[in-house]
Amino acid sequence: MGGKKVAIIGGGVAGLEAASSLAAFGIDISLIEKEEHLGGHVSQWDRLFPSRRPAKEVTGHLTGRLNEKVTVHTGTEVQKIERSGKSWDILLNNSATIVADALLLATGFELFEARKKEEYGYGIYDNVITSADLEKKFARDGEIRNAQGKIPERVGFVHCVGSRDEKVGNLYCSRVCCVTAVKQAVEVSEMIPGCEVFCFYMDLRMFGLDFEALYKESQEKWGVHFIRGRLSEAFENQDGSVLVKVEDTLAARPLKMKVDLLVLMSGMVTSSGTKKLVDMLGLETDENRFLQPADRQLRANETGIPGLFLAGTCTSPKSIDETISDARAAALRIMEYLNLPAPTLTPSPNWGRDGEGAGTNNQ
Amino acid sequence: MTFDLFVLPFFLGLNILVVILVVKYSRWIKGFEPADRERFRNGIFSWKSLDAAGEVFMESLLHRKMFRRNVLLGYMHMSFALGWFLLIVCGNLESRIYSKVHLNPPYYPIFLKFFVADEHVLRHELLSIPGFFRLMMDVFLLLVLSGLVLALVKRASSHWFGLKKTTRHTFFDRLAITTLWLIFPLRLLAESFTAAHYHGGSFLTNNFGDLLNSFLPAEQLSYPAWWAYSLALGGFFVSLPYSRFMHIPTEVMLIFLRHYGIKPTLHFNHYSNFEIQSCPKCGVCIDACPVHTNAHEDGIPPAYFLRTLKDNNPCISSTYNCLLCGRCEAYCPVGININALRVSQRIRYAKNLNGSFSYLKPSKIPTAEVAYFAGCMTHLTPSIKIAMEKILTTAAVDYQFIDRDGSVCCGRPLWMAGKEKQARELMDHNKKLIESTKCKTLILSCPICLKIFREEYGLNIEMLHHSQYILRLVREKKIDLKKEDLQVAFHDPCELGRGSGIFEEPRQLIRQMATLVAASEEKEMSICCGGSLGSTGISCYQRDEVSQLTLETLTANNPEAIITACPLCKKTLQKDSPVEVLDISEMVIGKLVDKEVFKRDLIYQEENL
Amino acid sequence: MNIEGKKVIWKEYQKEIAENDFFYVRSCVRQSFFPGSETTFLKILREELGKNISEHPFHTTCTGIAYHSDIVPFETTMTVIARQFALMTEAGFHNYVPSCITSFGMYNEVLDTWHHFPEVEKKVRRLLKEATGKEFEKPKNLVHSSDIIYKFRKEIAEKGKFRLINRFTGDPLRIVEHIGCHYAKIFPNKGVGGAEYPHVLAGLIEEWGGEVIDYPERRHCCGFGFRQYLVKANRGYSIACSQKKFESMKPYKPEAILTNCPGCPFFFDRWQYAISEMEGVTYGEDGQGIPVLTYEELAGIVLGYDPWDLGFQTHQVPVEPLLDKIGIPYDPARKYLGKNGENIGKPEIASNLKFCH
Amino acid sequence: MPNFGYTISSDRQIDYDSNDRRIARYLAEHEPSFLVCFACGTCTATCSAGVFTTFSLRELIGNIKRGEIRNIATEAEKCMLCGKCQLACPRGVNTRNVILNIQRALEACGL
């Protein structure tokens, strides 16, 4: 089945999974990633919910499955895309051109810019950080100290920052923040014995099979407190601690408390890379600026344009497992499009077993 | 010769023991409620004492209940108790032969062989009265020694005696048991050494004496042996009041007190002391306790709990985590009222725990022949309510559903938590409510309610569990049931079976509808479903452990369904049950015959749509 | 606290403020609350900055107080406001400058309504025409008078005779600012620095040598809340709001409270007295209160105007201690003498709050 | 003091930092299942006492967690200990022991 060529824009989870799935059937892949490294956001993460396995396991496995059919262009951005007949001419910023029979957009998401929620004081109050910042602390420092170098005695997590919020124009739920907050709450409690941890939530959306168990563990084993209500504002005290105001909606009363560290659960927004391609290719987007597939149920990986496919969080917020399934689905659609026989099974026996065989299994 | 220095340890020990016992018992008896003291006084010189004596013989000496539990265990206890008893009796009679005086000092018979050890007195044929006694004395000694051997074996491997776990020992326990175990070997030695010389024994002591004599200086050793024997006895007597063996005299007292009609009360009192001290720590209750064996909760079995009561510091967990299922009571050979003792301690903890139900406003119910009280738990199993109403309407019973719009709790849970005062508040409310119906019969679906209604409400009307009432309806042909080819097991709810002594009616009712297969543990021995409101302490996970155990016993003979007669049991068991779990009332509506009935059913259902 | 972070936001929230030719409309209440302020504003603009600023005798309320008390319908409000605009148009001005924060909010609200619902604007024009025969143009530039002081803060600093520095210690004066709720909370992009970290007053304090003190309840309402104060039965809420702020700022030892709203300074000033009477609590150093200033008064101090001409004698919380710190000369004897020397009477001595007589 | 005709209204805000959370700690230690309550309100809906009076275990637990313990003693008293809530609770909270321990905690904390 030689000769066929597919270009994938975005070297995150979706791009990697689609690339290896297609390459496994002998299709030539050009994987274009603007960053210097593959793996997207996950490569910046320490551990993953709900199992808390190291993120490296997943990125390692995904990159490890790329075979010789995959040409990786890191640190590379798309300049121009043109349709010539049935194929795509893609001009890169290193002035190389790629010709592909099909084009898959896996341009992913960006974290919501927490500064936009001015009232929470991100970038102004020393001890207000985002979930991503905290994850870096986990990965880099292996310990948690606040700006004053103090080990926090109380940490607060603010759910839905930039999600489900008309004031920032995001009407959707980012799906992964709730369980991420609970995961991080557990990790903080684990790292700092006796630290009081609070989650300020509107609804807890524990949709995954093991998420509820993690939620219960956080309460039962770690005594994490959950306060139902959305932060109205935060303020910095003289000692650098953060004073938060929220309504305890279950007590139907306003509540204020001091935390040594406030973590904002920034949601997912469509990436700048995606926006660029929207202009380049005149793609449709929905009211939340995510790419609009031909049909969200039935043709979730297709666009109106033949040979142009979508995968991953560029169409909507997704968890890693959802993204991987989505990428495989996209791969299958592309196979069909290229008039290749649809594969009967995905040839990656090791995939999915926790960590086992991660990074091996190149066929 | 009727005295020697060596008797002193025994003699003093005996006196000390007697004094301590007299002091202890009289103090406790003085502490009785006036009414109980009255009962005691009237009891002593009445036929009741004879009955009591009879029971003492059966239980304290023969250990009948022990035998029932396990033959070896029973024999061990019997051989010690009965053997020793006979040695004393027989020894006394034997001593009469030799002594001229009418009243011998108490040590005389015990050490008889020492005092009468001289040739001419001891020349007797085997087939003479003295010879007979000698023979008997050796037989009884052998009996006791056989028990001793078993005791030693039990030490090594208790499971032969049907005990998975045995009790832990205190210092005095160890002292007492060591001395106890030494007494009879030493007696054997002392008598044998003596017999070796004068042949004053029988088949055992004579031959054993000769054997020893063949390689030991028997004559020189006999005197020290008597000393040792006396010391062992003395040591045992002195340590007895502070050891588990206090149960020997106290159990006897308890049997008498019971026969005099003295009963345990809700509150801890001096009668409770008799009960606590009567516990032999035999340990049969340990394996009987599902919370202990399966929910891994320590300190619950009476053998442990009662000791903490002796030291007067029961901990919260051992006081509150017990299910009050009463299984240990069913097992207890001494028949101690453990639930009462447990609750008495909860009262002590609950003294400052308040509760006020001033918000309850009196209300009335229209009058009716029969009143039905579903109870809190039944409201969580509406199928039982519906079934009961269906049955009652089918049988055209004139009844009132007292708590159709929500119950005021019967008070049993508060009662079991040791909050008597608060329980009474609720009971008064319900009592007025029920009296307002002027009913003659009260039907209850929840055995928890049933127990306290019967025991504490003081309503002088007939109070029946629905299983009893339905059986009556069947017998009176008010409803007909069809029997089907169905195999079911019956789970005895604690409060219905052990609690209220209702074992048979539900079974008879079930037999009208299906074939009843046995559970591996049933009736008095049945295991709690795990949901009991008697425990406030244990976690839901621990409750599940108990349920699992119960389900194993219920499904031992592969029934197609489990029938119970308690909303709480039903709800608890059905969680993990491999087969369907039904309340007996639900089973009944499934088996109603007579077309009329089905018509009424339809009408009934329409009415309730 | 990371000031750079605030600067990022201040950059985002800058608005156009006209250079000259202002049509000034006074507040209903300020002239009685703080009589010196509005005249000082005009004096500064005319004499110090040489600006062309005019006001109109026929100008009326914007109905803000009635509107926020739910006693006039929005149509009425819009028509009344349309009339004010007509006065400006007739006077040949395009830059509308209300002295009242609530009015500023009202005007923004009305203009925004007209922007989104042109038919409403049409209707209002018709109503105004029918009622008064007047026509109007919408202001080209609508700013609050504090915005103008903010715009010219550097010029004022240059002409200034005093800086906001404690002459005994040489330290900058610690000042908390309070922005009227209707300044930016309704339309954040209409306020200098936005709604969360407004710069309009902070900018003055910084520019004139003082130190801005931020405190937890800074964003909280002063407690006026219209019906909360106007309905006597609700005044407990009003005073509770102010108290909440005082309690919150107290640990930061502020030496003055700077405001830009008619109500706020009045309540901060008077409630400090009421609270001291009710609970014996005062919030300044040794029994004094925290002086409350309007931005005009502060500018007046900086420019070296006579404190009594600025109207400090009408403050409940004495300002003298602050003046002494800065080193501003004043004649205590003249404190209670009116414009033409007649005695305007002294207030009673308060039980707890320190007064200066 | 002059009569102003009004007083200072009290604050409805829960001041978590200054609240007394000893009861919450006691419960967490003596009946840890208290921690897993997720305020679904099943207990309150099924409550036998709730039929006759304003009693909400959900609210009671919430208030204790926030250190709002002013009237928990009188609230806890309303419980009949009937155990319906324990059967209904989706999280296996040992509700009856929570009630008993609230009363013990008050005793232990001398409240």
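Is it true that A:Gly240 is assigned to a loop (DSSP other than H, G, I, E, B), in contact (Cβ under 8 Å) with a residue 60 or more places away in the chain and at positive phi?
Values: assigned to a loop (DSSP other than H, G, I, E, B): yes; in contact (Cβ under 8 Å) with a residue 60 or more places away in the chain: yes; at positive phi: yes.
Here the answer is yes, as A:Gly240 does meet what is asked.
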*Show the residue pairs that are 6+ apart or on different chains and have beta-carbon atoms under 8 Å apart, the first residue being within the range C:95-116 and closer than 12 Å to C:Thr77 by Cα and in contact (Cβ under 8 Å) with a residue 60 or more places away in the chain, the second being part of a helix (DSSP H, G or I) and of a type outside the set (D, E, K, R).*
C:Ser103/C:Gly64; C:Met106/C:Gly64; C:Met106/C:Tyr67; C:Met106/C:Thr77; C:Met106/C:Ile81; C:Met106/C:His182
*The lone exception for B:Ser146 - which of (1) over 31 Å from the mean Cα position of the chain (by Cα); (2) of a type outside the set (Lys, Arg); (3) at pLDDT 90 or above it fails*: (1)
_Just the residues that are in a strand (DSSP E or B), touching a residue at least 60 places away in the same chain (Cβ under 8 Å) and not small (Gly, Ala, Ser), please, taken from the range A:248-268._
A:Met257, A:Lys258, A:Val259, A:Leu261, A:Leu262, A:Val263, A:Leu264, A:Met265, A:Met268
*State all residues of the range D:45-72 that are without any contact (Cβ under 8 Å) to a residue 40 or more places away in the chain, assigned to a helix (DSSP H, G or I) and surrounded by 17 or more Cβ atoms within 10 Å (Cβ to Cβ); if no residue qualifies, say none.*
D:Ala49, D:Gly50, D:Arg58, D:Glu59, D:Ile61, D:Gly62, D:Asn63
*Of all residues in the range B:217-250, count the ones that are over 19 Å from B:Ala176 (Cα atoms) and of a type in the set (D, E, K, R).*
1
*asked:* Just checking: which of the helices (runs of 4 or more DSSP H) contained wholly in the range C:73-174 hold 3 or more residues that are farther than 18 Å from C:Ala299 by Cβ?
replied: C:74-90, C:101-116, C:118-132
*Some residue of the range C:275-291 being in contact with a strand residue (DSSP E or B) (Cβ under 7 Å, 6 or more places away or on another chain) and not in a helix (DSSP H, G or I)*: yes
*asked:* Being within 8 Å of another protein chain (Cβ to nearest Cβ) and farther than 18 Å from A:His225 by Cβ is the filter here; which residues of the range D:52-73 pass it?
replied: D:Phe52, D:Thr53, D:Ala73
*asked:* One residue is enough: does the range C:225-243 have a residue meeting the conditions of a type outside the set (Lys, Arg), under 18 Å from the mean Cα position of the chain (by Cα) and not in a helix (DSSP H, G or I)?
replied: yes
*What number of residues in the range C:209-222 are in contact with a Lys or Arg (Cβ under 8 Å, 6 or more places away or on another chain) and within 14 Å of chain D (Cβ to nearest Cβ)?*
2
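For A:Ala294, are the conditions met, namely being surrounded by fewer than 19 Cβ atoms within 10 Å (Cβ to Cβ) and either within 12 Å of D:Ile14 (Cα to Cα) or within 10 Å of another protein chain (Cβ to nearest Cβ) (or both)? Give the steps one after another, and end with the answer.
Numbers: surrounded by fewer than 19 Cβ atoms within 10 Å (Cβ to Cβ): yes; either within 12 Å of D:Ile14 (Cα to Cα) or within 10 Å of another protein chain (Cβ to nearest Cβ) (or both): no.
No, not satisfied.
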*Please tell me if B:Thr572 is assigned to a helix (DSSP H, G or I) and closer than 25 Å to B:Ala374 by Cα.*
yes
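Would you please name the residue that is nearest to the chain's Cα centre (by Cα), looking only at residues in the range D:24-51 that are charged (D, E, K, R) and more than 9 Å from chain B (Cβ to nearest Cβ)?
Going residue by residue through the range D:24-51, those that are charged (D, E, K, R) are D:25, D:29, D:31.
Among the residues that remain, those that are also more than 9 Å from chain B (Cβ to nearest Cβ) are: D:25, D:29.
Details: D:Arg25: 13, D:Glu29: 16 Å.
Selected residue: D:Arg25.
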*Of all residues in the range B:295-334, count the ones that are without any contact (Cβ under 8 Å) to a residue 60 or more places away in the chain and at positive phi.*
2
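Could you name every one of the helices (runs of 4 or more DSSP H) located completely within the range C:28-68 that has at least 1 residues being in contact (Cβ under 8 Å) with a residue 12 or more places away in the chain and farther than 28 Å from C:Lys134 by Cβ?
Numbers: elements: C:30-33, C:35-43, C:64-68.
The helices (runs of 4 or more DSSP H) meeting that bar are C:30-33, C:35-43.
Quick check on my filter: what residues within the range A:18-65 are in a loop (DSSP other than H, G, I, E, B) and either more than 23 Å from A:Ser271 (Cβ to Cβ) or hydroxyl-bearing (Ser, Thr, Tyr) (or both)? Quick ask: steps written out before the conclusion?
In the first step, residues of the range A:18-65 are kept if they are in a loop (DSSP other than H, G, I, E, B); the result is A:24-27, A:33-39, A:45-46, A:49-52, A:65.
Once the filter is applied, which keeps residues that are in a loop (DSSP other than H, G, I, E, B) and either more than 23 Å from A:Ser271 (Cβ to Cβ) or hydroxyl-bearing (Ser, Thr, Tyr) (or both), the range A:18-65 yields A:Ala24, A:Phe25, A:Gly26, A:Ile27, A:Pro50, A:Ser51, A:Arg52, A:Arg65.
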*If B:Ser526 satisfies every condition in (1) of a type in the set (Ser, Thr, Tyr); (2) over 20 Å from B:Arg412 (Cβ atoms); (3) more than 14 Å from chain D (Cβ to nearest Cβ) but one, which is the exception?*
(2)
*Check D:Arg96, D:Arg21 and return the single one that is facing chain B (nearest Cβ under 8 Å), surrounded by 16 or more Cβ atoms within 10 Å (Cβ to Cβ) and more than 11 Å from the chain's Cα centre (by Cα).*
D:Arg96
*What do you reckon, is B:Leu450 out of contact with any His (no Cβ under 6 Å at 6 or more places or on another chain) and hydrophobic (A, V, I, L, M, F, W, C)?*
no
*Quick one: how many residues across the range A:138-182 are buried (at least 19 other Cβ atoms within 10 Å of the Cβ), farther than 17 Å from A:Lys318 by Cβ and among the charged types (D, E, K, R)?*
1
*Where residues in the range C:268-300 are of a type in the set (S, T, N, Q) and away from chain D (no Cβ under 14 Å), which of them is farthest from C:Ile326 (Cα to Cα)?*
C:Thr282
*Applying the selection to the range A:130-169, what residues are more than 14 Å from chain C (Cβ to nearest Cβ), assigned to a helix (DSSP H, G or I) and aliphatic (A, V, I, L, M)?*
A:Ala132, A:Leu134, A:Ala139
*asked:* Let me spell it out: the conditions are (1) among the hydrophobic types (A, V, I, L, M, F, W, C); (2) within 25 Å of the chain's Cα centre (by Cα); (3) surrounded by fewer than 19 Cβ atoms within 10 Å (Cβ to Cβ); (4) assigned to a helix (DSSP H, G or I), and B:Phe32 meets all of them except one. Which number is the exception?
replied: (4)
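Do you know which of the residues in the range C:155-208 that are of a type in the set (Ser, Thr, Tyr) and more than 14 Å from chain A (Cβ to nearest Cβ) is surrounded by the fewest Cβ atoms within 10 Å (Cβ to Cβ)? Give the derivation first.
At the first step, the residues of the range C:155-208 found to be of a type in the set (Ser, Thr, Tyr) are C:169, C:183, C:197.
Those still in the list that are more than 14 Å from chain A (Cβ to nearest Cβ) too: C:169, C:183.
Working: C:Thr169: 9, C:Tyr183: 26.
Among those residues, the one meeting the criterion is C:Thr169.
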_Yes/no for A:Glu68 being part of a loop (DSSP other than H, G, I, E, B) and either exposed (fewer than 15 other Cβ atoms within 10 Å of the Cβ) or out of contact with any Pro (no Cβ under 7 Å at 6 or more places or on another chain) (or both)_ = yes
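Within the range B:529-560, restricting attention to residues that are within 14 Å of chain D (Cβ to nearest Cβ) and of a type in the set (A, V, I, L, M, F, W, C), which residue is surrounded by the most Cβ atoms within 10 Å (Cβ to Cβ)? Outline the logic, then answer.
Here is the first cut: in the range B:529-560, the ones within 14 Å of chain D (Cβ to nearest Cβ) are B:529-545, B:547.
Subset that is of a type in the set (A, V, I, L, M, F, W, C): B:529, B:533, B:538, B:540.
Values: B:Cys529: 31, B:Leu533: 25, B:Ile538: 23, B:Cys540: 17.
The selected residue is B:Cys529.
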*Checking B:Glu435 against (1) over 21 Å from B:Leu380 (Cβ atoms); (2) surrounded by fewer than 24 Cβ atoms within 10 Å (Cβ to Cβ); (3) in contact (Cβ under 8 Å) with a residue 40 or more places away in the chain, which test does it fail?*
(3)
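The values are calculated or read from the model by the stated rules, or taken from the named source; none is laboratory data. What you see is a predicted model, and the numbers here were worked out from it, not measured in a lab. Neighbour counts are summed over all protein chains in view; Cβ atoms, including those assigned to glycine, are modelled from backbone coordinates with ideal geometry.
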